[in-house]
Protein chains: 2
Amino acid sequence: MGRKPPSKKVKVHFEPDNVDIIAEQGENLLEAATNAGVDINASCGGAGVCGTCKVLIKKGEVESTRTEKVSQEEYEQGVRQACQSRIIIDLVVDIPVASRLETAILVQEAKMPSGIERAEAIATGWGFNPPLSKLFVALPPPTSKDNVSDLTRLLRSIKQRYHLSNISVDFDALRKLPRVLRKKDWQVTVTTLVTAAKTKTVRRKPLIINIEPGNTGKKHFSLAFDIGTTGVRGQLLDLNRGNVIAEGIAYNGQISYGADVITRIAYSQKPGGLRKLQQAVVSTINQIIDELLAQSRCDVEHIGHIIAAGNTTMTHILLGIDPKYIRLAPYTPTASFIPPVKARSLGIRVGKHVHLFAFPSVASYVGGDIVSGILGAGVHQRETLTFYMDIGTNGEIVIGNSDWMVTAACSAGPAFEGGGVKHGMIATAGAIEDFGINPSSFEPIINTIGGTKPKGICGSGLINITAGLLEAGVIGQNGRFDTHLPTKRIREGGDGYEYVLAWAAETQIGKDIVITEIDIDNLIRAKAAMYAGCQTLTKSVGITCSDLEQVIIAGAFGSHIDIEKSITIGLLPDIPRDRFIFIGNGSLLGARLTSFSIDLLDDARKVALMMTNFELSVDGNFMSNYTASLFLPHPNAEEFPTVYKRLGKLQKNKR
Amino acid sequence: MGRKPPSKKVKVHFEPDNVDIIAEQGENLLEAATNAGVDINASCGGAGVCGTCKVLIKKGEVESTRTEKVSQEEYEQGVRQACQSRIIIDLVVDIPVASRLETAILVQEAKMPSGIERAEAIATGWGFNPPLSKLFVALPPPTSKDNVSDLTRLLRSIKQRYHLSNISVDFDALRKLPRVLRKKDWQVTVTTLVTAAKTKTVRRKPLIINIEPGNTGKKHFSLAFDIGTTGVRGQLLDLNRGNVIAEGIAYNGQISYGADVITRIAYSQKPGGLRKLQQAVVSTINQIIDELLAQSRCDVEHIGHIIAAGNTTMTHILLGIDPKYIRLAPYTPTASFIPPVKARSLGIRVGKHVHLFAFPSVASYVGGDIVSGILGAGVHQRETLTFYMDIGTNGEIVIGNSDWMVTAACSAGPAFEGGGVKHGMIATAGAIEDFGINPSSFEPIINTIGGTKPKGICGSGLINITAGLLEAGVIGQNGRFDTHLPTKRIREGGDGYEYVLAWAAETQIGKDIVITEIDIDNLIRAKAAMYAGCQTLTKSVGITCSDLEQVIIAGAFGSHIDIEKSITIGLLPDIPRDRFIFIGNGSLLGARLTSFSIDLLDDARKVALMMTNFELSVDGNFMSNYTASLFLPHPNAEEFPTVYKRLGKLQKNKR
């Protein structure tokens, strides 16, 4: 087949980043920029209809038709839609803030959860620069005057086009090279991965992990995972646009081997136990991947990377590393920083080239999930004295700011994720999440995730139900039901007294959905562990809860946590409500943002290194704080002034 | 079990390298130095009997008994045997040149071959610093105050003890870590490998590839291989002492798929062909490893590294990389620089942690074997205008010095390795290597490798026999026998006329061993290709053969090449004999030396990059030079004055 004569090259200078690229005359401005790694937001994918890719041509001129997205005034100033512009001569182009991809992502992130403003608790300042890149290169075919090796030819072109040297190549990718190069006339897309954080002594060294014929740059996806003890959550990310295109959640298949990390570790010590646990979580991951692919109609071969955050035990087991010493004093994990590993070698059904990066951990009970959450929330970037709590099975808390951080694990138990709760479930469709109660008839008003018939209760539902029952006087300070109330909803069941949230006919499961005294007991113990942890950790750094300038709540238990109700039951401290921010699944947030920015990969290392672990179990105060917290509300009225004031009012109204 | 209280630390400063180490009071000076990577020669392994580890204590004093190896006068000057000295206080120690390990190795290298002084053609100036290291570390066990991860603990101790940071860890090694650390009371030996050459932008980054319980530092071996088209040669190396402890050779199992690289590449294109060829050479390598282990009684698990040098095709096939385009114009290999690969993944039967490093190549027909040879011979280190020739199936030649190098492949064919020769064989026991002939009776005098009964003829034997027959007038300038001579040794056989070198009864094979006219024809073509290559390449850089200041001859065809006879048949140019140096298997030499020194790993990269490939096939002169060389001796008497003078004399004597 004939080759076109080489086109004329022109130079485009982008401001404010001061990046120069060489483009071909006639090339589309948006494509040229994207190919060269200069990111311009283009929500519609370059169709010309969204107007998000507007740029200012400061010097030179492009061939461009004005659409309705550019006003006459803007047009005269030199504003053009990058996707509608052809490059003719050398240019100086300014990319306004509104067209920068990073901004686009922040806006999306901030819009996601339930109305609470989250943008102020998300890491900022990072450039959109995923650790996984796709580079399209058209190589000059070899001649007898220029017959260097295929690899040298490829690296030379990458260097010329993208100014990248210091690249290494994965052996499996190398083996494909001669065939792939010749398949589409020496045009290939190279996938590179930066696997290690930049340190003072180590420069970033991209690794070529895949080579595909032709230009596959548009198919550029990755996965972010939160590997929880109870539930596993995954997102499929589009690395061109910086957005989530599908989400999935499933129970961690390890649940049948034990509810918490301690029993899992015990199981791992049986013959073949570690292998079984590993296979169980990998099978859960594969199930979620299948779901994400089905939702998005994306092809598995276009997934190029996985970033996973999980607690230390989950991370060890996923990678097949023996977690034995995590539960034996003095509680040492095998590794906090783990090199990336090929996902296929763990049994994850993705392309041979896909690496899995596991977030670094701090200690045996302060894992990659908390590092990921702190990172995603940007706690390490601000001077604000922040209290970060990840409300889940392990219950990890952090106090600190950009200068210092202390952290502790509270061992809350699985109640917040629906574990140890009769009708408990993870926060997925059908879970009762919101609850109200008629103060006279004691009839419930329930809301479920997805608005379907109820199936069970998720962690946030459990909090809201318990607080509602307490406020209505259905349960007392010890969590026991007032069995004298005139309602059929309170009755004696197989596990002691219970309250019927939904009658069998109203449910998906064909059985009454109830909350039992045992469920409430489990929640009391869980919230007591979190609050006692908070008291102990604040005291250890010489402050009190009221000194906290910001409280960031993360958790996988549902996205509708009610701050007021959480304070009522004594889970959160009674401080001004505007200091609370709920960010949802922090672990997944950090994993997602790191998939979008290599800067955060560097930060993850810094965050893990700057955290000081505080062992609550060796502090005498923790046990007494815990015991004192085993009531609803917390018995110390001085620490919970607004709760006592309100509950007093409620009692008065009732009388 | 109880642990000793920590000993007092003292500082030892070594000159002339200006290295400081921290040792424990009471520690053995030789061991402390070795553990810290300061190399002192100790031929007897520290038994005190060889006296090679003498050092000068310049400041401070050691506890040491004088043995007969240290004279009273030396003792008074402060000379001590490092192996007999205990460190008590801070020291300044001078390591004299005679005790430096590098010197010890050079002397060994120089001693090896057949009397010709080789030391002047071996790379110098490198420190003994193998890319594979074993580091013994005793870790402080974890406590509740210090419960960092096992990996962090290990890296911290390595940093303290060996001043090494910037270390990464292989995932398989990481998985073993918790078990191994606790097996011998937190004492472990870590094996590190430097896999990449240092460049301007890339620092060396050791990779932890293995962890063993206790101190296994004494068992520290690696393998060097020359992967030839015809034969494969391997050496087992002791990385503590820098010496060869066993050697093995075998035919490349690929021979049954074709005699030269072109037929091998053709075979690789059949379905399953590449896989079969790879398995064939791997099986040969495994066979040699078994032999080396049997010879040395070394355990396979103590082998930690493999360095292999081979031509471009052999390297591609060994690694399972498609060599297709090597034989199609414009002859591009897949890669010249190939990342190290785990040997087990290729099917080589060594430990899971062992990496194979393949020498970089220059072009499709200028491979890692020639780069290795140039490196081992130190051609790149000297200003001397050097001609390097690797006489083998491919016949590669290089002209250059420390400033520039040009190289070409002559495609000599397999005759130099016994291929295409009726009784040809590789240079192993039973091969006829040396030959003399009675000028009156025409009876032969033969010498075989190993002094056994003859089995066949190796490449150097073929040269010597042909030259001998020529000088005695048994064959003429066209390589045909003078059938009128009065001897039964010349007769007509199945392949035309032949000369009987040994009667059946005198051989190991129970058949007459003969040299045929076809054999001589093959040798003539092979030597013509080499010499024409030499003429063409010298001319291309504007010099003549007589300008060459040094001629280094490498080859796997046997270690007794006779320079005079090689000039007689027109293989080597007729220049002063003191310019010739024979270094044996240059490819294996470079692989071995690089196993001993990381400096040479860096140099290998430089050498491969500085070589300019010259395609003989596209130079019109080559074909005419080749055709003109197809006679014995070379027909141009002016180019071979001493040969014509001597042959003239011989003819005169006969008359």
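Summary table below
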read-out: Among residues of segment B:375-398, those that are under 25 Å from residue B:262 (Cα atoms) and in contact with a strand residue (DSSP E or B) (Cβ under 6 Å, 6 or more places away or on another chain), counted; value: 9
read-out: Residue that is surrounded by the fewest Cβ atoms within 10 Å (Cβ to Cβ) [pool: residues in segment A:219-248 that are among the polar types (S, T, N, Q) and assigned to a loop (DSSP other than H, G, I, E, B)]; value: A:240
read-out: All positions within segment A:362-392 that are closer than 26 Å to residue A:328 by Cα, among the hydroxyl-bearing types (Ser, Thr, Tyr) and open to solvent by less than 10 Å² (accessible area, probe 1.4 Å); value: A:364, A:372
read-out: Residues satisfying the stated conditions in segment B:274-296, i.e. in contact with a Gly (Cβ under 9 Å, 6 or more places away or on another chain), over 18 Å from residue B:222 (Cβ atoms) and open to solvent by 30 Å² or more (accessible area, probe 1.4 Å); value: B:274, B:275, B:279, B:283, B:287
read-out: Qualifying residue in segment B:507-514 (condition: closer than 30 Å to residue B:617 by Cβ and either touching a strand residue (DSSP E or B) at 6+ places or on another chain (Cβ under 8 Å) or part of a loop (DSSP other than H, G, I, E, B) (or both)); value: no
read-out: Options A:251, A:267: the member that is in contact with a Phe, Trp or Tyr (Cβ under 6 Å, 6 or more places away or on another chain) and either surrounded by fewer than 19 Cβ atoms within 10 Å (Cβ to Cβ) or among the hydroxyl-bearing types (Ser, Thr, Tyr) (or both); value: A:267
read-out: Where residue A:369 falls short, out of the listed (1) over 19 Å from the mean Cα position of the chain (by Cα); (2) away from every other protein chain (no Cβ under 12 Å); value: (1)
read-out: Only listed residue being assigned to a helix (DSSP H, G or I) and more than 26 Å from the chain's Cα centre (by Cα), chosen from B:532, B:591; value: B:532
read-out: Sole exception among (1) part of a helix (DSSP H, G or I); (2) at pLDDT 90 or above for residue B:602, by number; value: (2)
read-out: Residue list for segment A:393-434, filter: open to solvent by 10 Å² or more (accessible area, probe 1.4 Å) and assigned to a strand (DSSP E or B); value: A:406, A:409, A:424, A:433, A:434
read-out: Residues located in segment A:16-32, provided they are out of contact with any strand residue (DSSP E or B) (no Cβ under 7 Å at 6 or more places or on another chain) and assigned to a helix (DSSP H, G or I); value: A:30, A:31
read-out: Index of the failed condition, residue A:623 passing every other in (1) open to solvent by 10 Å² or more (accessible area, probe 1.4 Å); (2) touching a strand residue (DSSP E or B) at 6+ places or on another chain (Cβ under 8 Å); (3) in a helix (DSSP H, G or I); value: (2)
read-out: From B:216, B:192, residue being more than 11 Å from chain A (Cβ to nearest Cβ) and open to solvent by less than 10 Å² (accessible area, probe 1.4 Å); value: B:192
read-out: Selection count where residues are over 13 Å from residue A:387 (Cα atoms) and either open to solvent by 10 Å² or more (accessible area, probe 1.4 Å) or of a type in the set (A, V, I, L, M, F, W, C) (or both), scope segment A:514-538; value: 14
read-out: Selected residue [free of Cβ contacts under 8 Å to residues at least 60 places away in the same chain, assigned to a helix (DSSP H, G or I), within 14 Å of chain B (Cβ to nearest Cβ) and open to solvent by 10 Å² or more (accessible area, probe 1.4 Å)] from A:174, A:155; value: A:155
read-out: Residue satisfying all of: in segment A:124-152; under 32 Å from the mean Cα position of the chain (by Cα) and part of a strand (DSSP E or B); surrounded by the most Cβ atoms within 10 Å (Cβ to Cβ) among these; value: A:132
read-out: Identity of the residue in segment A:312-333, open to solvent by 10 Å² or more (accessible area, probe 1.4 Å) and more than 7 Å from chain B (Cβ to nearest Cβ), that ends up farthest from residue A:617 (Cα to Cα); value: A:315
read-out: Lone unmet requirement of (1) in a loop (DSSP other than H, G, I, E, B); (2) touching a residue at least 60 places away in the same chain (Cβ under 8 Å) for residue B:554; value: (1)
read-out: Positions within segment A:339-361 being open to solvent by 20 Å² or more (accessible area, probe 1.4 Å) and either within 7 Å of chain B (Cβ to nearest Cβ) or over 19 Å from the mean Cα position of the chain (by Cα) (or both), in sequence order; value: A:339, A:342, A:344, A:345, A:347, A:349, A:352, A:353
read-out: Matching option when the condition is surrounded by 15 or more Cβ atoms within 10 Å (Cβ to Cβ) and of a type outside the set (A, V, I, L, M, F, W, C), among A:488, A:511, A:565; value: A:565
read-out: Qualifying residue in segment B:134-146 (condition: of a type in the set (Asp, Glu), within 14 Å of chain A (Cβ to nearest Cβ) and over 30 Å from residue B:550 (Cα atoms)); value: yes
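Here is a yes/no grid of residues against (1) closer than 23 Å to residue A:316 by Cβ; (2) touching a helix residue (DSSP H, G or I) at 6+ places or on another chain (Cβ under 8 Å); (3) in contact (Cβ under 8 Å) with a residue 40 or more places away in the chain:
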{"site": "B:139", "(1), (2), (3)": "yes, yes, yes"}
{"site": "B:195", "(1), (2), (3)": "no, no, yes"}
{"site": "B:198", "(1), (2), (3)": "no, yes, yes"}
{"site": "B:209", "(1), (2), (3)": "yes, yes, yes"}
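The values are calculated or read from the model by the stated rules, or taken from the named source; none is laboratory data. No experiment lies behind these values; they were computed from the predicted model shown. When we count neighbours, we look across all protein chains shown, and the Cβ atoms used for this are built from the backbone with ideal geometry, even at glycine. All accessible areas refer to the heavy atoms of the entire protein, side chains included, with ligands and DNA or RNA removed. Shrake-Rupley method; radii C 1.70, N 1.55, O 1.52, S 1.80 Å.
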